[in-house]
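K.L.:
Could you have a look at this structure, given as structure tokens, before my questions?
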Amino acid sequence: MTAKSSKKRPSRKEGGNDAEFEAELVVNEGANVAVFHKTPFEQDLSWLEFDLDTKRLTFVLADGDVRNFGILIPDDFSRDMQNAHQVLMVHKDEKTDEPLSGQYFPLIIHRA
């Protein structure tokens, strides 16, 4: 993914069971989706869900718990995300902003 052809959107910071979570969503016209985050999840992530009606991205953890961090997907992202089947989750170092790890997770697309 190149920044030139990608769209980026920072999420809002939200509290919850996990520590404060902030993420940056990157989507390109080729339906490649990545989420960059600095705070690790308290539980292992299993998959992500994108609701076409509410335009919300949610995270489903291994224990079945669902996290909605308030990531609202803009319409221009939504069109490209409809063709995606997976999301690259990239955990970045809080101080250096360098990637620590990356892993692909399934993306389930549905309507409310």
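K.L.:
Is one or more of the residues making up segment 37-48 surrounded by 12 or more Cβ atoms within 10 Å (Cβ to Cβ), modelled with pLDDT of 95 or more, of a type in the set (A, V, I, L, M) and in contact with a Gly (Cβ under 6 Å, 6 or more places away or on another chain)?
P.N.:
Within segment 37-48, none of the residues are surrounded by 12 or more Cβ atoms within 10 Å (Cβ to Cβ), modelled with pLDDT of 95 or more, of a type in the set (A, V, I, L, M) and in contact with a Gly (Cβ under 6 Å, 6 or more places away or on another chain).
K.L.:
Turning to a different aspect of this structure: Yes or no: segment 23-32 includes at least one residue that is within 16 Å of P106 (Cβ to Cβ), assigned to a loop (DSSP other than H, G, I, E, B) and modelled with pLDDT of 90 or more.
P.N.:
yes
K.L.:
If I filter segment 56-112 down to residues being among the β-branched types (V, I, T) and touching a Ser or Thr at 6+ places or on another chain (Cβ under 7 Å), which single residue comes out as farthest from E42 (Cα to Cα)?
P.N.:
The qualifying residue farthest from E42 (Cα to Cα) is I71.
K.L.:
Filter segment 39-59 for residues that are in contact (Cβ under 8 Å) with a residue 40 or more places away in the chain and within 12 Å of the chain's Cα centre (by Cα); which is nearest to L100 (Cα to Cα)?
P.N.:
L45
K.L.:
Quick check: anything in segment 60-70 surrounded by fewer than 17 Cβ atoms within 10 Å (Cβ to Cβ), in contact with a strand residue (DSSP E or B) (Cβ under 8 Å, 6 or more places away or on another chain) and touching a residue at least 24 places away in the same chain (Cβ under 8 Å)?
P.N.:
yes
K.L.:
Then there is this: Just to check your reading of the model, which residue among D18, D80, D51 is under 13 Å from I109 (Cβ atoms), surrounded by 12 or more Cβ atoms within 10 Å (Cβ to Cβ), modelled with pLDDT under 90 and of a type outside the set (A, V, I, L, M)?
P.N.:
D80
K.L.:
Which ranges mark the strands (runs of 3 or more DSSP E) fully within segment 47-111 that have 2 or more residues being within 14 Å of F36 (Cβ to Cβ) and among the small types (G, A, S)?
P.N.:
It comes to 99-110.
The values are calculated or read from the model by the stated rules, or taken from the named source; none is laboratory data. Note that the structure is a prediction, hence the values are computed from the model and not measured. No Cβ is skipped: glycine too gets one built from the backbone with ideal geometry, and neighbour counts run over all protein chains shown.
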